[in-house]
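Scroll down for the structure; my scribbles are underneath it.
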Amino acid sequence: MTKGKVDALLGIVFGDEGKGKVVDVFTPRYDVVARFAGGPNAGHTIIFEGKKFVLRSIPSGIFDEGKLNIIGNGCVIAPDLFMAEAMELEQAGYNLKERLHISKRAHLILPTHRVLDRAYEAAKGKNKVGTTGKGIGPTYSEKASRTGLRVGDILDNFPQKYEQLKNRHLQILSDLHFTDFDITEEEQRWLQGVEYMRQYPLTDTEIEINKALAEGKNVLAEGAQGTMLDIDHGTYPFVSSSNTISGGVCTGLGIAPNRIGEIFGIFKAYSTRVGAGPFPVELFDETGDKIREIGHEYGAVTGRNRRCGWLDLVALKYAIMVNGVTQLIMMKSDVLDSFDTIRVCVAYEKDGVRVTDMPYDTEGWNAVYEDLPGWKTDLTGLTEECQFPQPLKDYITYIEKETETPITIVSVGPDRAQTIARSK
Ligand code: IMP
């Protein structure tokens, strides 16, 4: 029997690679689009038929009629935020209830998880992670400590289970002397969200996906966050709380490793990071401000300034290794159009020690750069690879050689048409 494959589309540095646009180009090739990790900490901006949407928990295949979208078991979901996100799409005319299935095994983010997120951050003092405040860490912690509530719980005796867990949280908050909050309104919306979620197929999505694969259907696993925010392989403890790498596709959807096909790794032609944590390539000067300004580098979920810097090959190579990336996609190349020189971080250095492999602790390392000539050309009007200026071709070749991975798509602007496929 012909069998389908699961391809993964992953942000492979610190997230925010502008994946939304690529997903939009990719989704027509797939029958199923599935999210496997994370939750409303993500913010995927998608422009569809001239309208802008920010998807947080809902997969990007939602705009295509006839495509099945799945929120997998590896995800965490906040019913109130899900309701707001889904209703906006419904109001825009998309019939979600036919296209979106939610795993009964995905974990629920309670309003008190969000308060706990704030309380734990406050308790960390100077070592704050700079979370999105969406309750991600407390929810995944509770999943691991086997005290969480899952989507399937809303189908049976839910009020009692909810009260029990909420009271446990309130006790923890009281023990932490974190009592200055009022969740009354938020809780009301959250409970409405729970009711709203009942209208969706809450299913055993791992069985659905495996049946689809057995029928020869193809699945796109849509990543969230990035490899350097992975709970195991990121810059711990300044990370998110799920496995954002390709390994997370298997656990977060319930599919076997031999079902994985291509792994597309998305990165920007430069680097950004939101939140706290080591970032050796960070630029604190005008160049960093210029990249932020031209690249509109402000967080989609929190609106925070993103920290900006040059491309980090140490991080990129590490990400390619742990994900098994088979093809690279370079986004936002046009942001570098006006720079005379383009720098690339090729190593980290600390106390006279130079490393080219990602160190265990990325704190305190300085970036070592190589300089390449800028292309000083407006890329935004280009439509084909043969029009690329030579310095851009050289930049691409340099990255491909260093990473031993082909760059098969280069993005030169926000529009779908500004996505240029290269010959492999
Ligand atoms: P949390 O996922 O809200 O717990 O946040 C943990 C860290 O991951 C913080 O530094 C966040 O800024 C970062 N983070 C979480 N989600 C995203 C994302 O979608 N893009 C970029 N950074 C993110």
Chymotrypsin sites (Phe, Trp or Tyr not before Pro) within region 328-400: DSSP coil, no more than 10 neighbouring Cβ in 10 Å: Y360
Given K52/K166; K52/K401; K290/K317, the pairs whose alpha carbons are separated by over 32 Å: K52/K166; K52/K401
Candidate lysines - alpha carbon under 18 Å from K211, same-chain residues fewer than 8 apart omitted: K3, K5, K67, K104
Two-site label geometry, E187 and C386: point separation in nm, points 7 Å out along Cα→Cβ: 6.7
Separation between Cα centres of region 228-268 and region 26-55, rounded to whole Å: 17
Ordering of 155-168, 107-120 by burial proxy (mean other Cβ atoms within 10 Å per residue, highest first): 107-120, 155-168
For region 144-181 and region 298-358, distance of Cα centres in Å: 39
For region 129-288: rounded, prolate or oblate by the Cα gyration tensor [a/c cutoff 1.5]: oblate
Where labels lie 7 Å past Cα in the beta-carbon direction, separation of R118 and K211 in nm: 4.3
Total formal charge among the other residues, if their Cβ is under 14 angstrom from that of G374, Lys/Arg +1 and Asp/Glu -1: -3
Cβ-based exposure ranking for C75, C308, C345, in which fewest neighbours within 10 Å come first: C345, C308, C75
Nearest-0.05 FRET efficiency for F178 and T287, computed from C-beta distance (R0 51 Å): 0.80
Whole-number percent relative contact order across the chain, with pairs defined as alpha carbons under 8 Å at least 6 apart: 20
Ranking of T397, T251 by count of other Cβ atoms within 10 Å, fewest first: T397, T251
Residue-span extension gain [E88 to M321] - 0.36 nm each, minus C-alpha spacing: 80.0 nm
Of the trypsin sites (Lys or Arg not before Pro) in region 240-345, those whose Cβ has at most 10 other Cβ within 10 Å and which sit in DSSP loop: none
Region 1-79: GluC sites (Glu not before Pro) in DSSP loop, at most 13 other beta carbons within 10 Å: E49, E65
Percent of Cα-Cα distances greater than 40 Å, calculated over the chain: 17
Equivalent ellipsoid dimensions for region 8-138 as semi-axes, Å, which come from the Cα gyration tensor, largest first: 27, 16, 14
Computed lengthening from N157 to K376, 0.36 nm per intervening residue step minus Cα-Cα distance: 72.5 nm
Proxy reagent accessibility, fewest Cβ within 10 Å first, across S174, S242: S174, S242
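Just so you know, all these numbers are worked out from the coordinates, no wet-lab data involved. These numbers come from a predicted model, not from an experiment. Using ideal geometry, Cβ is built from the backbone for each residue, glycine included, and neighbour counts are taken over all protein chains shown.
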